[in-house]
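Note sheet for the following structure.
The values are calculated or read from the model by the stated rules, or taken from the named source; none is laboratory data. What you see is a predicted model; the values in this text were computed from it and never measured. Neighbour counts are summed over all protein chains in view; Cβ atoms, including those assigned to glycine, are modelled from backbone coordinates with ideal geometry. For accessibility, only protein heavy atoms count, side chains too; no ligands or nucleic acids. Shrake-Rupley method; radii C 1.70, N 1.55, O 1.52, S 1.80 Å.
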Amino acid sequence: MSAIRVDAKVVMLGKESVGKTSLVERYVHHRFLVGPYQNTIGAAFVAKPIQVGEKVITLGIWDTAGSERYEAMSRIYYRGARAAIVCYDLTDSSSFQRARFWVKELQNCEEHCKIYLCGTKNDLVSGDRSLRQIDYHDAQDFAEEIGAQHFETSSKTGNNVDELFQKVAEDYNSSAFEYMTEETSVDLGQKKDSYFYSCCHNN
Amino acid sequence: MDAEAPRAAVSWENGTLAPVDHLRSDRADSPTPGLVEGTEPGAGQKSAMFVRAQSFEDLTAESEELIQREAQLDKPIESAEELEVLVGEKSIEEQHNNDVASENRTKEEDVSSEAWRSHRKHVFVLSEAGKPIYSRYGTEEALSSTMGVMMALVSFVEAEKNIIRSIHADGCKVVFLAKSPLVLVGVSRTCQSDKELLRELQYIYYQIVSLLTLTQLNHIFQHKQNYDLRRLLAGSEYLTDNLLHRLDRDPGLLLSAVTCLPLPSSTRDVVSSSLQAAKAKNLVFSILLAGDRLVTLVRKKDQFLHHIDLNLVFNLVGSSSSFREGEGWTPICLPKFNTAGFFHAHISYLEPASDLCLILVSTDREDFFNMSDCKQRFLERLNKRSAYQSLKEALKCPSYSVEQVGIPELRHFLYKSKSSGLYTSPAYPVVYQTDEEQERLMGLYQDLHSRLHHPTRPLRSLYRCTESENLMAWVTSGFELYLCFSPLGTKALAVSAVTKLLKWIRKEEDRLFILSPLTY
């Protein structure tokens, strides 16, 4: 079994039941599971290779639990992350408040982390406009204000999901390039950005 | 129903079946199973995997409340009338009861409905300020005044320097368990004893502690007495729901033990040693499960896992599909190990559609990639030695049929080896195929169990005839055995069956138990 190299750490953040797991599930396994809602316990990690131009970049995606219980642990998941997908539910205004909280948290603790604001459950609002509680333009304004990318996705239909992760990978690719050209010295702190496993942790 | 059931207590002299001074080294030479601890079929050859678990006394013994209660054992409060003796004012107690009733009627439909009231077992968890934390049925909001009354009852009796244990009224048992900062209340229409119900409440308590740690619980309530704990427990209700469901169905929770996947010992040894080799500095326990059966467990030297903690891990893994998405990484408190802190568990299935789930418990929350690496190394070793294939083969028949034992009229049994904390039990036969029938059989076992472990009049053995089956139970210092025969069975047959069964288990113990647990 060969070692899996993870290039970019990506963290999913957002209020519980906004659909972080469904988004990952759709992107990684191309499926949407119907059935009773199941919370994520702690966090789930999955590595997904993605083609960017001629390169293959492996995203290490951390799907975190939205429950307040795990809030104290969240730092270990977003520390060193190159991208954070902050999710909110288009049909739940309180989830947008929670998204603002996460954005602030990231701005304070993880300034190198790029933020992707993601409104989920787009299929619900396109079916019934009255369900929408978060206006597209309000979210767009907020995204511009914080310098984030903004997406509206549906894990049920798959709408915009691949585009979101593709953008994450492309941004990583171009920033990694800049990073390499700008910095000539070795930054030891940066080690956390790419994890190697199955190769160097043997005790 | 207790009084009607004809039963007789039978007891044996120690040693009728085997000499008590049976030594471990004799095991291979003699097929006769020993009765004493350490020599019984299924006893581990080296050291135990678990914390010494003397069946369920272990569960209740250390609770402070019980020690205090022990002092009052001569006059247990077993009816509303007797409560009077303790409380002094029956009228007040009755008034409370009326309050509960009227309160229920004026509430939202769901909790005032007949259907809600007629559930067999309710469980409520509240804070010491009387705030609802969990209810098995109905919403906590709708039940806030009911829980207020429960708390009032607890504090009222406490004010008199006493402890409320239970109220028996109208075919209902109301059992109280105060575990500061929580209060747990069980309301049951089943024939389970107070002690059994209390044991179940303890499990619920430990379930909550495993999510938050006791330190965090105390901290929260010291700072804000009327904190709404549901905020922190949000999304975990189904773990508690599922645990309650298991308590009705899983013999492991009744026996304070776990069961193993039947596996040729050569395969199990390879799996265990592969797991043993995949170690890391902060790794404390490696547990491989197949559904809700243990395949193997490797632990750090001198560190033991308690069966309650292991059953909580079983419940966590069994309740959630969340670990199938990827590699899970979650803080978990193992309350019997340490109520103060979190371990961090790497939880993942060996293959997406497999039943085999690996749990690696580390002390370091930064250890995810180390644990992930341990898993890879384990898989590589397993594949190299082709043990993986035979393990998958064994998964196809995770149980065995009672016919294999070859005892006529024997329908089902539970056998627990006390020194290893493991039990074995055949698949349910055709007569117990429905959930309802299985729960009824479990109910019978629970009844036998509570009689054997009666706090003041414990029994060594028991034979009981009911309309639909004959039951026998026997406990020695080495094992606990519960047998279910068809109604055509006789006592003489049952007695001879025991010897035969013990011999069979001895013969099969390599396959049914983990005889040589490993450490890193």
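Each residue of the stretch B:227-244 was assigned a 3J(HN,Hα) from its phi angle through the Karplus curve 6.51 cos²θ - 1.76 cosθ + 1.60 (θ = phi - 60°); the sequence is 4, 8, 5, 4, 4, 7, 8, 3, x, 9, 4, 5, 5, 5, 4, 5, 5, 5 Hz, with glycine and proline shown as x. Solvent-accessible surface (1.4 Å probe) assigned to B:M472 amounts to roughly 0 Å². For A:K104, B:K503, the ranking by accessible surface with the largest value first comes to A:K104, B:K503, using a 1.4 Å probe. What FRET efficiency comes out for A:R100 versus B:E141 if R0 is 25 angstrom and r is the Cβ-Cβ distance? Round to the nearest 0.05. The calculated FRET efficiency here is 0.35.
Cα-Cα over 32 Å: which of A:K9/B:K279; A:K9/B:K224; A:K15/B:K281; A:K55/A:K114; A:K15/A:K55? Distance filter (> 32 Å) returns A:K9/B:K224; A:K15/B:K281; A:K15/A:K55. Among residues other than B:D355 with Cβ under 12 Å from its Cβ, the summed charge is +2 (Lys and Arg +1, Asp and Glu -1). B:C374 contributes an accessible area of around 0 Å² to the protein surface, as traced by a 1.4 Å probe with all chains present.
The distance between label points at A:D128 and B:K384 comes to 5.9 nm (points 7 Å beyond Cα on the Cα→Cβ vector).
In a reduced charge model with +1 at each Lys and Arg Cβ and -1 at each Asp and Glu Cβ, the stretch B:182-318 shows a dipole moment near 420 debye about its Cα centre.
Using the Cβ-Cβ distance between B:L459 and A:Q107 with R0 set to 56 Å, the FRET efficiency works out to roughly 0.25. Close amide H pairs (under 5 Å, H built 1.01 Å from N) link A:E152 with A:G119, residues at least 5 positions away or on another chain. Of the cross-linked pairs B:K301/B:K503; B:K131/B:K418; B:K161/B:K195; B:K121/B:K503; B:K336/B:K507; B:K336/B:K416, those separated by over 28 Å at the C-alpha level are B:K301/B:K503; B:K131/B:K418; B:K121/B:K503; B:K336/B:K507. The relative contact order of the stretch A:1-155 comes to 26 percent, based on Cα pairs under 8 Å that sit 6 or more residues apart.
Compute the Cα gyration tensor for the stretch B:258-395, then decide on rounded, prolate or oblate, letting a ≥ b ≥ c be the square roots of its eigenvalues: rounded whenever a/c is under 1.5, prolate when a/b is larger than b/c in the other cases, and oblate in all that remain. Rounded.
In this structure B:R365 has an accessible area near 90 Å², from a 1.4 Å probe over the protein heavy atoms.
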